[in-house]
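One structure is given below, encoded as structure tokens.
Quick note: the coordinates plus some simple rules give every number you see, no bench work behind them. Remember, predicted model here, so these are calculated numbers, not experimental data. FYI the Cβ positions are ideal-geometry reconstructions off the backbone, even for glycines, and counts take in every protein chain you see.
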Amino acid sequence: MREFIIVGRPNSGKTMFILNFAAYIGSKSVDVTFRSYDGLVTCRHFSIEEAKQQLCGMALHKTRSLQSLILKIALGKTVINLKITDTCGIAEKIHHDESIRRGMAQTLSLLRCADYIFHIVDVSCISEEYLKDSSTIDHEIYNYGVIRNSYTLLANKIDLPSAENNITKLAYLFPKANAIPVSALRGQGFKEVKKCVVHNI
């Protein structure tokens, strides 16, 4: 079974994207497997709405460990299973909280062995400073992803007015990326994401 991972900065919309994408392809509920940095594995069953209420939030680093879902996707007359894994947001600075540091290390470790990388970038908050800095964590993920050739950039939060002029800026920053504009909250762009998943299963 191929594993797709969702990586990006904290609060870029990774968890919301996974849950709403699961709903988009027909899931009414999800079984989420949590894998902590110390090897503990637990599984919980949620309706999509329950999962959004409990797993999503505005607090930085709401997701602190790997959270995997097994989803079914139609491929012609057959149904294929795929694993999609949510990760702890990663940033440039070393975090003071050990559990978050370990969560980031988990993310980086999985990045090296996952079958496919979806890199979420919040296009609503691209600043002049961000545009001038070529050493951001987003650049590091991008540089690694395009070498792997199993990478798509998801330009998230296009539903927000502040994102309106930033899609072209993103294309300038990451010229080799296959980029899909999406709204994890509203489901915009999910048709194109599904095509990408099907093509790479």
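Among 194-200, 115-121, how do they line up from the highest to the lowest mean number of other beta-carbon atoms within 10 Å?
Listed from highest to lowest mean packing, they are 115-121, 194-200.
For Rg/Rh (Cα atoms, Kirkwood Rh), pick the label among (i) 1.04; (ii) 1.00; (iii) 0.94 that corresponds to the value derived from the coordinates.
Answer by label: (iii).
Taking the Cα centre of the range 3-200 as origin, sum charge times position over the Cβ atoms of Lys and Arg (+1) and Asp and Glu (-1), and report the length of that vector in debye to the nearest 20.
Computed charge dipole of the range 3-200: roughly 580 debye.
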